[in-house]
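The structure appears right after this line, and notes come after that.
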């Protein structure tokens, strides 16, 4: 701590443990603190806390801080702020939302079965993993009854959320226990580790989608959204986070300041240039800069670039959510009769795929995408060029048969 004052035990460090009464897999047990005191309570999210200590679920509740001797209320408030910062997970907002959802699911499971989520015993995680393994997937295959169990990346994210919550509370994480690791390996073998990737939206598909859009404000926004998303190889979170103040136009194109990104947790930011296509070109309809200028003439010079529309089809000042990007893409492609298993990543994947097929150097691709690792880009290139120069054709064409 920053001071020599007497410190109450932080709520985020409440020592609550699961002590099984019988077999750890019997599903029975009591939540007891390390001092042997009974009477813990279950919070709304299913976590168990001592009534005397308050609700420490998530590590965000703070113990009262006494005034510092000779420091006054200012230093006391600073100490409180420091303690809050140290007890708050350091993750991107999207990660925080996902972890909050995953932790709520785990806490609810523990609440239903009388188990303590914080700290959680390895046996508790084993039971939770087994429940997830038999849970019906919400994917199309799962809803059709073909797939049971969550995808492996989702399962790993659940464990990461549990580990993060324990680390925030200053507790040893049970996710690294050998029992949990063995079950995860077994699940990996049973389900496989392959990730099914969404299809890219290619440049040749864009004109049909654009031509099918009507001439109204909503379509003007969607044109700018799809064209800029493709031209800048944006992640959907980067696209919806843009403010008008982050754009700088010139005759050559538009300079976009990306304040933060998935691979930029410290928010150093980077500048991206999107070139302007010649107005006389037959491909001018694909110009993201022109489409963006038409949209900004409607919404004005400040605030979020991409905004929602109300029921009266008037644009608001509310920023689009990252989940709106795939919804717009699917709705517009369906209306245009362009088939494909598209998602929010399809715009970014489409740009890299087209660049790979045109033999654009990797470093030039990375300058647009912001990716630091060439290996990541090479994976995209390998998928985009898998049907180019098949070795079998070279073997057959280079062989003379009698």
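Read-outs throughout are calculated quantities, based only on the coordinates presented, and are distinct from any laboratory measurement. Because the structure is predicted, anything quoted here is derived from the model rather than measured. Every residue, glycine among them, receives a Cβ derived from its backbone with ideal geometry; neighbour counts consider all protein chains shown.
Each of 243, 85 was scored by other Cβ atoms within 10 Å of its Cβ. Arranged with the fewest first, they read 85, 243. Exposure proxy for 199, 400: other Cβ atoms within 10 Å of each Cβ, ordered fewest to most, give 400, 199. Here the label points at residue 154 and residue 330, each 7 Å from Cα along the C-beta direction, are separated by 1.4 nm in the simple model. Extents of segment 352-402, taken as max minus min of Cα coordinates on every principal axis and listed largest first, are 54, 17, 13 Å.
According to the Kirkwood relation over distinct C-alpha pairs, the hydrodynamic radius of segment 251-402 is 19.0 Å. Using R0 = 35 Å, the C-beta based FRET efficiency linking residue 252 and residue 215 works out to 0.80. If the chain linking residue 134 and residue 94 were pulled fully straight, counting 0.36 nm for each residue of separation and taking away their Cα-Cα distance, it would gain 11.7 nm.
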